[in-house]
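Contents: one structure, followed by commentary.
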Amino acid sequence: MTRGNFITLEGGEGTGKSTQIARLAEFLRPFASEVVVTREPGGSPGAEAIRALLVNGPAEKWSAQTETLLMYAARRDHIERVIEPSLARGAWVICDRFADSTRAYQGVAGGADPAMIRALEDHVLAGLSPNLTLVLDLPVDAGLARAQSRGEGEGRFESKGRAFHEALRQAFLDIAAREPERCHVIDAQGPIGDVAARIADAVKARFSL
Ligand code: TMP
């Protein structure tokens, strides 16, 4: 059986990833035997339990190093139980955030040791890399306003301050610039339908659909 494709969406707070992922899943259905939509941290029961530890509570609850280890514990469970089995049976997997979020949030913006993050990538990802990463880019003010208006009560990362979020935006753009084969930056401003069309174009081009 042909292995499925792995697409990740990345970006700061309030860039509209969830809405766009639902649209992308609809777009892909005619081309796919199965589309699996999942998220990080989370996506499997064990990883969702770790997510609850990570996204709730005050900003200073965990150091960036500890956050990195918790993210990677969650990621390992998610890979073993959801991502790898889905790809192996030929599904397209669309994941809301993945390893780039750890590089950007914990590494660049949070100050966790980049060598530790690289070592975890080597051991935990064990070669798993997205076939395409869509980086949704939005000015920080617009993103935070959108995230706050959602009021989902998972605000630990949203509460980290403006400098953190500016660093984050630049970190995602830098990752995309360093890995242009894998990453595609999407302008996330404007009507939902326009952003969805930009994403569909990028996916069509990458996978020759
Ligand atoms: P979400 O709001 O996009 O669902 O993501 C939950 C929060 O977790 C978000 O503020 C970003 C953060 N996060 C990290 O800090 N590092 C990671 O590796 C991942 C996957 C998410």
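The values are calculated or read from the model by the stated rules, or taken from the named source; none is laboratory data. Everything numeric in this text was worked out from a predicted model, so none of it was measured. Glycine gets a Cβ as well: all are built from the backbone with ideal geometry, and neighbour counts include every protein chain shown. Each accessible area value is taken on the protein alone, full model and side chains, heavy atoms only, with ligands, DNA and RNA left out. Shrake-Rupley method; radii C 1.70, N 1.55, O 1.52, S 1.80 Å.
Comparison of Ala115, Ala163, Ala200 shows that the only residue that is over 17 Å from the mean Cα position of the chain (by Cα) and open to solvent by 60 Å² or more (accessible area, probe 1.4 Å) is Ala163. Screening Pro85 with (1) under 16 Å from the mean Cα position of the chain (by Cα); (2) closer than 28 Å to Ala202 by Cα gives one miss only, at (1). Can you spot a residue in the stretch 54-61 that is over 16 Å from Thr38 (Cβ atoms), touching a residue at least 12 places away in the same chain (Cβ under 8 Å), in a helix (DSSP H, G or I) and not aliphatic (A, V, I, L, M)? There is at least one residue in the stretch 54-61 that is over 16 Å from Thr38 (Cβ atoms), touching a residue at least 12 places away in the same chain (Cβ under 8 Å), in a helix (DSSP H, G or I) and not aliphatic (A, V, I, L, M).
Looking at this structure, is Leu28 surrounded by fewer than 22 Cβ atoms within 10 Å (Cβ to Cβ), under 19 Å from Thr133 (Cα atoms), at pLDDT 95 or above and not basic (Lys, Arg)? Against the criterion (surrounded by fewer than 22 Cβ atoms within 10 Å (Cβ to Cβ), under 19 Å from Thr133 (Cα atoms), at pLDDT 95 or above and not basic (Lys, Arg)), Leu28 qualifies.
Looking only at the stretch 178-191, how many residues end up being touching a helix residue (DSSP H, G or I) at 6+ places or on another chain (Cβ under 6 Å) and either surrounded by fewer than 18 Cβ atoms within 10 Å (Cβ to Cβ) or small (Gly, Ala, Ser) (or both)? Spell out how you get there, then give the answer.
Initial filter on the stretch 178-191 (touching a helix residue (DSSP H, G or I) at 6+ places or on another chain (Cβ under 6 Å)): 183-186, 188.
Now narrow it down to the ones that are either surrounded by fewer than 18 Cβ atoms within 10 Å (Cβ to Cβ) or small (Gly, Ala, Ser) (or both): 188.
Selection size over the stretch 178-191: 1.
In the condition set (1) open to solvent by 60 Å² or more (accessible area, probe 1.4 Å); (2) more than 14 Å from the ligand (Cβ to nearest atom); (3) farther than 23 Å from Arg182 by Cβ; (4) touching a helix residue (DSSP H, G or I) at 6+ places or on another chain (Cβ under 8 Å), Gly46 is compliant with all but (1).
Scanning the stretch 105-126 for residues that are on the phi > 0 side of the Ramachandran plot and modelled with pLDDT of 95 or more turns up just one, Gly111.
Suppose the filter is out of contact with any helix residue (DSSP H, G or I) (no Cβ under 7 Å at 6 or more places or on another chain), under 23 Å from Cys183 (Cα atoms) and of a type in the set (D, E, K, R); does Arg29 pass it? Lay out the reasoning, then the answer.
Details: out of contact with any helix residue (DSSP H, G or I) (no Cβ under 7 Å at 6 or more places or on another chain): yes; under 23 Å from Cys183 (Cα atoms): yes; of a type in the set (D, E, K, R): yes.
So Arg29 passes the test.
Scan the stretch 16-43 for residues that are more than 12 Å from the ligand (Cβ to nearest atom) and without any contact (Cβ under 8 Å) to a residue 60 or more places away in the chain and the total you get is 9. Would you be able to say whether some residue in the stretch 44-53 is in contact (Cβ under 8 Å) with a residue 40 or more places away in the chain and in contact with a Gly (Cβ under 8 Å, 6 or more places away or on another chain)? No: zero hits. Filtering the stretch 5-15 to residues that are open to solvent by 20 Å² or more (accessible area, probe 1.4 Å) and more than 9 Å from the ligand (Cβ to nearest atom) leaves only Asn5. Note on the stretch 59-80: among residues that are within 11 Å of the ligand (Cβ to nearest atom) and buried (at least 20 other Cβ atoms within 10 Å of the Cβ), the one that is farthest from Gly155 (Cα to Cα) is His78.
Residues that are under 14 Å from Ala91 (Cα atoms) and either in contact with a Cys (Cβ under 9 Å, 6 or more places away or on another chain) or open to solvent by 10 Å² or more (accessible area, probe 1.4 Å) (or both) within the stretch 16-25 are absent altogether.
For the stretch 124-166, taking the residues that are among the aliphatic types (A, V, I, L, M), touching a helix residue (DSSP H, G or I) at 6+ places or on another chain (Cβ under 7 Å) and in contact (Cβ under 8 Å) with a residue 60 or more places away in the chain, the one that is farthest from Ile192 (Cα to Cα) is identified as Leu128. Checking Ala25, Ala49, Ala74 one by one, the residue that is farther than 27 Å from Ala112 by Cα, small (Gly, Ala, Ser) and in a helix (DSSP H, G or I) is Ala25 and no other.
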